[in-house]
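*Asks:* Pasting a structure below so you can have a look.
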């Protein structure tokens with residue numbers, strides 16, 4: 001399932017605008033990975049940030065989808081990255097995992113998040129009792145995830161340009 005890179009209509013209602021921009025950012029994640037080898041996807045190009053790789057970022061984005069919508073919003077179990085604190089930054093550690101597999105998992109997480117979002121009011125709040133962030137309403141969580149995804153797209157832009165000179169917004 002590939003999410004199309006299409007902006008929402010100028011006259012969109014709130015939900016359509018939020019989800020349109022959110023899905024646009026998600027689609028650009030896959031676009032930034034097109035044609036990249038697994039070796040390059042796992043190559044660290046920033047000496048002070050060895051986990052900041054294309055593969056690591058895709059993995060992290062997969063886990064943030066799960067974290068915000070399945071754990072914080074629905075109240076699911078917090079027993080996987082990034083909640084698993086057995087190793088710091090475990091969600092970025094993906095040595096040996098093919099980029100195509102990470103992208104498929106990311107798209108599955110996005111689809112699951114979209115199901116959750118579609119089934120709830122933007123005014124509904126999260127349910128997890130152990131995390132302060134769960135008190136946010138769904139609207140706030142979506143806006144946060146647009147910001148989170150777009151911020152990491154900036155990282156992907158930089159890493160991709162350093163790796164092979166590839167640039168472009170969409």
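Taken together, the values in this text are just the output of simple stated rules run on the coordinates, not laboratory data. For clarity, every value in this text was computed on a predicted model and none was experimentally measured. Reconstructed Cβ throughout: ideal geometry from the backbone, glycine too, with neighbour counts over all protein chains shown.
*Asks:* Note down the Stokes-Einstein diffusion coefficient of segment 58-150 in µm²/s, whole number, using a Kirkwood radius over alpha carbon pairs, 4 °C, and 1.567 mPa s.
*Replies:* Estimated via Stokes-Einstein, D reaches 95 µm²/s.
*Asks:* To the nearest 10 degrees, how steep is helix 138-164 against the longest Cα principal axis of the chain, on a 0 to 90 scale?
*Replies:* 10
*Asks:* Let me ask something additional. Do the sum for the chain: with -39,500 (n - 2.57) for every DSSP H run of n ≥ 4, divided by all residues, what is the mean residue ellipticity at 222 nm, to the nearest 500 deg cm²/dmol?
*Replies:* Numbers: 5 runs with 83 residues, N = 170.
Value at 222 nm, helices only: -16500 deg cm²/dmol.
*Asks:* Efficiency by 1/(1 + (r/R0)^6): what FRET value for residue 77 and residue 147, r their Cβ-Cβ distance, R0 = 22 Å, to the nearest 0.05? Display every interim value, and only then the final one.
*Replies:* Numbers: r = 26 Å, r/R0 = 1.16.
Working from the Cβ atoms, E equals 0.30.
*Asks:* Going highest first, how would you order 52-65, 88-101 by mean Cβ packing within 10 Å?
*Replies:* Working: 52-65: 24.4, 88-101: 15.2.
Top to bottom by mean Cβ count within 10 Å: 52-65, 88-101.
*Asks:* Same structure, new question: Taking the Cα of residue 120, stepping 7 Å toward and past its beta carbon, and measuring to each backbone N in segment 59-91: which are under 20 Å?
*Replies:* Only 61-84 fall inside the zone, counting backbone N under 20 Å.
*Asks:* Also, I was wondering about something else. Taking the Cα centroid of segment 56-101 and of segment 109-149, what is the distance between the two, rounded to the nearest whole Å?
*Replies:* One Cα centre to the other: 16 Å.
*Asks:* What number results when the radius of gyration of segment 58-105, computed over Cα atoms, is divided by 2.2 N^0.38 Å? Present the calculation step by step, with values, prior to reporting the outcome.
*Replies:* On the way: Rg = 11.0 Å, N = 48, 2.2 N^0.38 = 9.6 Å.
Expressed relative to 2.2 N^0.38 Å, the Cα Rg reads 1.15.
*Asks:* How far, in degrees from 0 to 90, does helix 14-33 lean away from the longest principal axis of the Cα atoms of the chain, to the nearest 10?
*Replies:* That works out to roughly 20 degrees.
*Asks:* Extending each Cα 7 Å along its Cβ direction at residue 127 and residue 104, get the distance between those two points in nm, one decimal.
*Replies:* According to this spin-label approximation, the distance is 3.0 nm.
*Asks:* Just need the Rg to Rh number for the chain, please, alpha carbons only, Kirkwood Rh.
*Replies:* 0.97
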